[in-house]
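Comments concern the structure below.
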Amino acid sequence: MPVGTHGAVRTLTMEEVATAGAGMVLSNAYHLYLRPGDMMIRALGGLHAFTRWSGPMLTDSGGFQVFSLAKIRTVSEEGVEFRSHIDGSLHQYTPESVMRVERNLGADVIMQLDELIAAGADIATSRGAMERSLRWLDRCRTEFDRLTREGRGPAPHIDIPEGAPPLDTAFPDTDLPAPPQSLFPIVQGGTHPELRRASARGILSAGDWHGIAIGGLSVGESKPAMYATIEVCEPELPRDKPRYLMGVGFPDDLIEGVKRGIDMYDCIAPTRLGHDGTAFTFDGKLQILKSSLRMDRRPLVEGCNCVSCTKYDRAYLRQLFACGEALGHRLLGLHNVTFLCNLMRDARSALRAGNFEAWSAEWLLRYRGGSGAADGAITE
């Protein structure tokens with residue numbers, strides 16, 4: 001899932017995202033709650049209409065964003081009190097309010113509010129956050145079910161310019177009912193196997209779910225620790241439900257995740273790295289400003305079907321970055337998104353053909369023989 005934190009995948013139109021091969025995109029409820037506001041997006045037709053994305057969407061509750069606000073937030077059993085990174089205003093974030101926000105936004109899949117902690121936290125701290133996340137999940141589901149039964153409640157009056165079309169909130173018969181959505185729980189527990197098992201079992205004992213996420217990884221732990229934690233979770237999670245590894249999106253991590261039974265991923269990395277002049281290739285990451293590319297007429301990746309590779313060469317892309325042209329950021333971001341979508345397409349083909357183990361081993365050997373082994377966590 002390409003990440004459109006604020007309702008846009010960085011520098012790309014939704015049509016370009018679809019052409020790249022993405023079938024689902026992610027936006028962030030925390031950021032959209034702060035600006036422009038979940039009620040405004042609801043009044044403007046919901047997140048799909050607002051962003052012009054016609055496919056499935058997922059909203060993260062904002063657990064990572066709250067975690068990153070360590071100096072300006074307070075976590076309690078009730079929820080989280082934090083100050084906006086935009087204007088310093090004070091806000092209360094509870095499992096119930098997060099459900100109301102996400103149901104106003106209207107994404108197809110919405111995430112529970114969970115408590116995320118730093119990598120390397122001791123077992124007592126990890127246990128406390130894991131158990132609180134389970135209690136918050138129970139409150140999320142209670143509120144989710146209430147909104148399903150009773151509707152979203154009336155919207156406040158919102159002024160519109162004279163002559164502008166009416167807002168969706170002007171039609172209560174269609175606006176008040178909560179849209180069909182799936183609530184995903186999040187397995188927590190740091191890198192402690194016994195806590196991960198307890199979290200997964202607690203989630204499954206709480207009821208049936210359309211899918212389950214693994215959170216709290218790619219936050220500073222080593223890659224072997226991340227892979228080992230996924231292996232602990234895998235046998236605990238139903239095989240007939242989508243498994244979503246949150247915040248992970250480098251090429252080798254996707255392959256390693258598929259090997260361990262993961263179905264869904266998201267990460268800001270492809271567009272963030274593209275903005276910084278880095279392209280994914282089969283031989284690792286390519287820094288576009290390398291002087292050796294000045295006269296290189298090859299595409300970024302031979303055989304890639306993105307416009308960056310079919311229409312332009314490395315020399316031209318390097319020139320765009322050297323001159324600070326915004327087109328360069330767009331083209332590398334588009335390439336990186338396409339590269340990851342193609343990678344997942346190829347993984348699905350290998351799984352269907354029954355040769356995934358051999359294909360993935362060869363792919364990883366080539367990728368890590370380049371610059372790929374240095375990939376690290378990039379989150380937003």
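Computed from the coordinates by the stated procedures, all read-outs in this text should not be read as laboratory data. Everything numeric here is computed off the predicted structure, so don't read it as measured data. Don't worry about glycine lacking a Cβ; one is built from the backbone with ideal geometry, like all the others, and counts go over all protein chains shown.
Projecting the Cα atoms of L317, G151, M39 onto the charge dipole of the chain, computed from C-beta unit charges around the Cα centre, puts L317 farthest toward the positive end.
In percent, rounded to a whole number, the relative contact order of the chain is 15, using alpha-carbon pairs under 8 Å and six or more apart. Relative to the 2.2 N^0.38 Å rule of thumb, the stretch 272-374 has a C-alpha radius of gyration ratio of 1.12. Within the chain, DSSP assigns beta bridges of which about 40% are antiparallel (rounded to the nearest 5). Average projection, convex hull of the Cα set of the stretch 88-185: 8.9 square nanometres. Here the stretch 280-365 is assigned +1 on the Cβ of each Lys and Arg and -1 on the Cβ of each Asp and Glu. Its dipole about the Cα centre then comes out at about 260 debye.
Look at S222, S126 and count the other Cβ atoms within 10 Å of each Cβ; fewest to most, that gives S222, S126. Here the chain is assigned +1 on the Cβ of each Lys and Arg and -1 on the Cβ of each Asp and Glu. Its dipole about the Cα centre then comes out at about 920 debye.
Against the chain, whose longest principal axis comes from its Cα atoms, helix 326-353 is set at around 90 degrees. Taking the C-alpha atoms only, the angle from helix 123-150 to the longest principal axis of the chain is near 60 degrees. Applying 1/(1 + (r/R0)^6) with r as the Cβ-Cβ distance of R298 and A49 and R0 = 45 angstrom yields a FRET efficiency of 0.65.
With the simple model of a label 7 Å out from the Cα in the direction of the Cβ, F171 to E150 spans 2.6 nm. Ordered by the count of other Cβ atoms within 10 Å of each Cβ, fewest first, K311, K71, K241 give K71, K311, K241. Taking the charge dipole of the chain about its Cα centre, with +1 at Lys and Arg Cβ atoms and -1 at Asp and Glu Cβ atoms, the residue from G211, P172, I262 reaching farthest to the positive side is I262. For the chain, lysine pairs separated by 8 or more sequence positions, or belonging to different chains, with Cα-Cα distances below 21 Å total 5. Over the chain, the reciprocal of the mean inverse Cα-Cα separation, the Kirkwood hydrodynamic radius, stands at 21.8 Å. Shown for the chain: cysteine residues without a partner Cβ closer than 4.7 Å, namely C140, C233, C267, C306, C323, C341.
When the Cα positions of A107, P238, P224 are compared along the charge dipole of the chain, P224 comes out farthest toward the positive end, with charges on each C-beta of Lys, Arg, Asp and Glu. Distance from the C-alpha centroid of the stretch 169-233 to that of the stretch 1-58: 21 Å, rounded to the whole angstrom. Between the helical axis of 193-205 and the longest alpha-carbon principal axis of the chain there is an angle of about 50 degrees. Each of L254, L90, L334 was scored by other Cβ atoms within 10 Å of its Cβ. Arranged with the fewest first, they read L90, L254, L334. Couplings 3J(HN,Hα) for the stretch 272-287, derived from phi with the Karplus relation 6.51 cos²θ - 1.76 cosθ + 1.60 (θ = phi - 60°), are 4, 5, x, 4, 8, x, 10, 10, 6, 9, 5, 9, x, 8, 10, 8 Hz, where x marks Gly and Pro.
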